[in-house]
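Read through the structure below, which is laid out as structure tokens, and then see the notes.
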Amino acid sequence: MLEFIVENWSQITVLLAMLGYIIKLFLESRMKKKEITFMKVQEMKLTETKMFFLGYQSFSISLEQFINQIFFGSHSKDVFNKYRTNVRESHIDFEYKCMTLKLFLKDDDLQTIDDISEILKTIKVDIERSLIYLDKDVDSEYWGKLKEIKSEKFRKELPELIKKIETSLRKSYNVV
């Protein structure tokens, strides 16, 4: 066997080189496929993140406009129905965007998204409850709640949660 190797060493070297080259091509193509798939997933994640932030902005702005209308605007049913429709549509859009973004996030971030969604839902419910007492002379506990919503939830709680999501996303893209 040793004699065969010594006599045909150049042919064996060429065969081993060809075999090595074929293995290299195979491994490179697999790595390229994985890299392309990873890049596609990252691109989709970035798109869904952008859509989530647009949905969040739309929903939170519509809620704030509704609260401002209650405090400072006219109180006709037509106006409130217009705002209710706007809030409902932006809420549905936001929830859809939350669901699609959740496909790309880790467990901690999923909880943060759920917390943001839950806060916005409670704000929506509190606004609706305050409208029940709007025409009554009774000073409802919900009037104070609306003031708390504007000062606490919109100015402190939600920005902290959004900042947490932003930080996590930056880390996932290695942008610190």
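The values are calculated or read from the model by the stated rules, or taken from the named source; none is laboratory data. This one's a predicted model, so the numbers in the text were calculated from it and none came from an experiment. Using ideal geometry, Cβ is built from the backbone for each residue, glycine included, and neighbour counts are taken over all protein chains shown. When the accessible area is computed, the model is the full protein with side chains, heavy atoms only, and any ligands, DNA or RNA have been set aside. Shrake-Rupley method; radii C 1.70, N 1.55, O 1.52, S 1.80 Å.
Values as computed for the structure displayed
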| quantity | calculated |
| --- | --- |
| Net charge dipole size for segment 30-176 [Lys, Arg +1 and Asp, Glu -1 on Cβ; Debye, nearest 20] | 880 |
| Using a Förster distance of 30 Å, the FRET efficiency for Gln69-Glu118 (Cβ separation, nearest 0.05) | 0.80 |
| Gain on full stretching of the segment that runs from Glu128 to Val14 - 0.36 nm per residue minus C-alpha separation | 33.1 nm |
| Rounded to whole Hz, the Karplus (6.51, -1.76, 1.60) HN-Hα couplings of segment 31-36, x for glycine and proline | 5, 4, 4, 5, 5, 5 |
| Given Lys50/Lys164; Lys34/Lys163; Lys45/Lys145, the pairs whose alpha carbons are separated by over 27 Å | Lys34/Lys163; Lys45/Lys145 |
| Loop sites in segment 1-92: GluC sites (Glu not before Pro), DSSP, at most 13 other Cβ within 10 Å | none |
| Solvent-accessible area, 1.4 Å probe, carbon plus sulfur percent, for segment 3-62 | 73 |
| Rounded accessible area per residue of segment 67-176, 1.4 Å, Å² | 62 |
| In degrees, nearest ten, helix 158-172 long axis to first principal axis of the chain (Cα) | 10 |
| Highest-fluctuation residue, Phe38, Phe26, Phe154 considered, GNM on the chain with Cα pairs under 10 Å | Phe26 |
| 10 Å binning of all Cα-Cα separations within the chain, expressed as whole percents from 0 upward | 8, 26, 21, 13, 9, 7, 6, 4, 3, 2, 0 |
| Full-extension gain in nm, Lys40 to Leu2, via 0.36 nm per residue minus C-alpha separation | 8.5 nm |
| Gain upon complete extension [Leu25, Lys147; 0.36 nm per residue less C-alpha separation] | 37.4 nm |
